[in-house]
Each structure stands twice: as structure tokens, then as C-alpha cells.
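Okay, structure first, notes after.
Please treat every number below as a calculation from the coordinates, not as lab data. Keep in mind that what you see is a predicted model, and the values were worked out from it rather than measured. Don't worry about glycine lacking a Cβ; one is built from the backbone with ideal geometry, like all the others, and counts go over all protein chains shown.
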Amino acid sequence: MVRAAYLALLCYASTVQSFEPDFFSPPVLEYPVVTESMVSGVGEIDRKLAYKPLRSVAVIGADELSARWLRLNNTYLVSLRAVGLVVNVESVEQLGLLQQYTGILLIASPGYDFAEHFGPVYPFVIDASAGRVRQ
């Protein structure tokens, strides 16, 4: 029985199609990354979530207010092991300059879903340990 299963697996493996070398490569991100529905600003964001997220996420832009917010909240963000999503950034160089203000990983990504769920104003953090969204 085991031998038959092994032979069947070998026959199947020989018929599996190979993929192109870049099939599993990450998508290429084009700059600028712009989320028209989100703007930098100061608001009163502090609300309890109905669920606890799996990961803490800081949502920011590449602007002076976000850079200042990153500097002020760096220790807190590092303690949360947060990932920063930069929803408005002009270039990879601008992302690199913003990275100097924090010890967390920053990734450029459009933030349309964040605007829909948490409002149009950033910077803010989704705190997974507390289950809250705060600015």
C-alpha cells in the first residue's frame, strides 16, 4: 500500500507544471503612493475596537506631522512591535527619510480600507494589545 502511494506521488510529481521564476516574487510598488481619501491632521481618535487585531499598525504619511508623531511615539510603537503603513509618500527616498524617525518597519501602501474603517485623518495607531485605535 505504501509503495503504491509512493509510486503515485512520483508519477504526480513528474506531471506538475513548473512556474515562471518570478511567479512568487512580490509585486512592484510604483511611487507615488497616494490615498486621496486620507489626510494628515490632528483629531480626537480614541476608540475601542469590537475585536483584537493580530498586529499593531501605525498609519502615517510622509509629512511633517507624521514625522513628529513618529518621533514622539517611537518607544510606544517599538514596544507594540508595530508595523508602519505609509499611505501617502512620493518616493522610496522620502520613505527612507521617514524611516530615520522610528525603529519600526515602514511600508508604503495605499490606505483606502483604513479610511473607510477609521476615518480620513492620520497618523494613528491600531493597538493590538489594547484593542483600540488611538492618535
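Odds and ends about this structure:
- The trypsin sites (Lys or Arg not before Pro) of segment 61-135 that meet both conditions, a loop assignment by DSSP and at most 12 other Cβ atoms within 10 Å of the site Cβ, are 81.
- When segment 17-135 is reduced to its Cα atoms, the Kirkwood hydrodynamic radius in Å: 14.9
- Cβ-Cβ FRET estimate between residue 91 and residue 134, R0 fixed at 35 Å, reported to 0.05: 0.75
- Estimated inter-spin distance, residue 64 and residue 113, nm [label 7 Å along Cα→Cβ]: 3.3
- Other-chain or far-sequence residues with amide H under 5 Å of residue 85's (modelled H): 58, 59, 60, 107
- 18 Å cut-off, amide nitrogen to a point 7 angstrom out along residue 36 Cα→Cβ, residues in segment 71-102: 87-90
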